[in-house]
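Structure record follows, encoded as structure tokens.
Each reported figure results from applying straightforward, stated rules to the coordinates on display, with no laboratory input. Predicted, not measured: the structure shown is a model, and the values here were computed from it. Don't worry about glycine lacking a Cβ; one is built from the backbone with ideal geometry, like all the others, and counts go over all protein chains shown.
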Amino acid sequence: MHGYDEPVYLISIVASMLNIHPQTLRQYERDGLIKPSRTQGRMRLYSQRDIDRMKMILRLTRDLGVNIAGIDVILRLKEQMEQMEHEIEMLKDELREVNRLGSVPRSKAVVKKSRYDIIIFEEKE
């Protein structure tokens with residue numbers, strides 16, 4: 001059994017699995033929608049993750065009529081959401097640890113680097 005991210009499938013196999021022409025896979029690679037691994041001989045190898053990504057691309061184009069630019073935006077937003085979900089899980093784990101210990105360690109008391117700024121405005125009456 002191969003790992004989800006392990007590149008093992010040749011372009012002809014993937015094209016057959018997805019019922020598309022290999023040129024479609026090459027075009028989507030040129031458009032930047034997929035990035036298969038390459039052997040030293042420059043042969044494309046696809047992982048199961050690549051195949052699942054292609055399935056989503058094909059659903060968007062065939063079923064929803066989304067164009068290439070739209071697919072690019074959707075995939076980028078999906079990746080950002082996955083990164084944020086990962087960050088949220090890390091913060092939840094950290095909060096659980098703080099709750100378990102009962103206090104915030106000095107090293108964690110001040111946020112030194114953050115991708116987000118929180119600004120609180122006082123209401124004037």
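A simple count of charges around residue 32, restricted to other residues whose Cβ falls under 15 Å of its Cβ and scoring Lys, Arg +1 and Asp, Glu -1, yields +2. Computing Rg and the Kirkwood Rh from the Cα coordinates of segment 9-76 gives a ratio, Rg/Rh, of 0.95. Take the Cα of residue 23, step 7 Å toward its Cβ, do the same at residue 63, and the gap between the two points is 2.7 nm.
Note on segment 9-76: dipole from Cβ charges, positive end direction compared against 69, 11, 51; the farthest Cα belongs to 11.
FRET efficiency for the residue 42 to residue 72 pair, using the beta carbon distance and R₀ = 30 Å, is estimated at 0.75.
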